[in-house]
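Inspection log for the structure reproduced underneath, given as structure tokens.
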Amino acid sequence: PIIPRKHAEAIETTQYTAPDVKAVIIDKFTLTNTSLAPASISISLPAVGELPGDENTVLHQRIVSPGETYHCPELVGQVLLAGGFISTVASAGGAIVLSASGREIS
């Protein structure tokens, strides 16, 4: 996995940075709400030198219901070039577990 299962933080956090390869293709990205209340999450894919923001947000404040697992079709097939990264921010730390898998293309 490019991101092993972990809780998303309530502050903007870099979860993965593409290594010095030609590209990384995201194959799967899941979000599971393990809390008892709805929680939201935003996911950005900034290129090297960029900051997370509206221009690179792929998933904006997606609400995940308690017990729901969302499979993020918006992220499947997205490509990160070397130095590009995955950044997330959740409405509540410890509420949403995320994980991702992908392929490095050299």
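The values are calculated or read from the model by the stated rules, or taken from the named source; none is laboratory data. Note that this is a predicted model, so its numbers are computed, not measured. Backbone-built Cβ (ideal geometry, glycine too); neighbour counts: all protein chains shown. For accessibility, only protein heavy atoms count, side chains too; no ligands or nucleic acids. Shrake-Rupley method; radii C 1.70, N 1.55, O 1.52, S 1.80 Å.
Given the conditions (1) open to solvent by less than 30 Å² (accessible area, probe 1.4 Å); (2) free of Cβ contacts under 8 Å to residues at least 40 places away in the same chain, and given that Leu36 satisfies all but one, which numbered condition is not satisfied?
For Leu36, the failing item is (1).
Residue under question is Ala90, and the condition is that it be surrounded by 18 or more Cβ atoms within 10 Å (Cβ to Cβ), touching a Phe, Trp or Tyr at 6+ places or on another chain (Cβ under 8 Å) and small (Gly, Ala, Ser); does it hold?
Considered against the rule, which asks whether it is surrounded by 18 or more Cβ atoms within 10 Å (Cβ to Cβ), touching a Phe, Trp or Tyr at 6+ places or on another chain (Cβ under 8 Å) and small (Gly, Ala, Ser), Ala90 comes out as no.
Looking at Asp27 and the list (1) surrounded by 19 or more Cβ atoms within 10 Å (Cβ to Cβ); (2) assigned to a strand (DSSP E or B); (3) touching a Lys or Arg at 6+ places or on another chain (Cβ under 9 Å); (4) not β-branched (Val, Ile, Thr), which single condition is not satisfied?
With respect to (1) surrounded by 19 or more Cβ atoms within 10 Å (Cβ to Cβ); (2) assigned to a strand (DSSP E or B); (3) touching a Lys or Arg at 6+ places or on another chain (Cβ under 9 Å); (4) not β-branched (Val, Ile, Thr), Asp27 is out only on (1).
Across region 10-24, what is the number of residues that are within 12 Å of the chain's Cα centre (by Cα) and not in a strand (DSSP E or B)?
Of region 10-24, the ones within 12 Å of the chain's Cα centre (by Cα) are 12-17.
Pick out the ones that are also not in a strand (DSSP E or B) and you get 12.
Residues that pass the stated criteria total 1.
Restricting attention to region 40-56, does a residue exist that is assigned to a loop (DSSP other than H, G, I, E, B), of a type in the set (A, V, I, L, M), open to solvent by less than 30 Å² (accessible area, probe 1.4 Å) and at pLDDT 95 or above? Quick ask: steps written out before the conclusion?
Going residue by residue through region 40-56, those that are assigned to a loop (DSSP other than H, G, I, E, B) are 45-53.
Filter once more, keeping what is of a type in the set (A, V, I, L, M): 45, 47-48, 51.
Narrowing the set further to residues that are open to solvent by less than 30 Å² (accessible area, probe 1.4 Å) leaves 45.
Filter once more, so that each one left must be at pLDDT 95 or above: 45.
The answer is yes, given that some residue of region 40-56 is assigned to a loop (DSSP other than H, G, I, E, B), of a type in the set (A, V, I, L, M), open to solvent by less than 30 Å² (accessible area, probe 1.4 Å) and at pLDDT 95 or above.
Looking only at region 83-106, how many residues end up being at pLDDT below 95, assigned to a strand (DSSP E or B) and among the polar types (S, T, N, Q)?
0
Scanning for something outside any loop (DSSP other than H, G, I, E, B), open to solvent by less than 60 Å² (accessible area, probe 1.4 Å), modelled with pLDDT of 95 or more and β-branched (Val, Ile, Thr), does region 65-82 turn up at least one residue?
no
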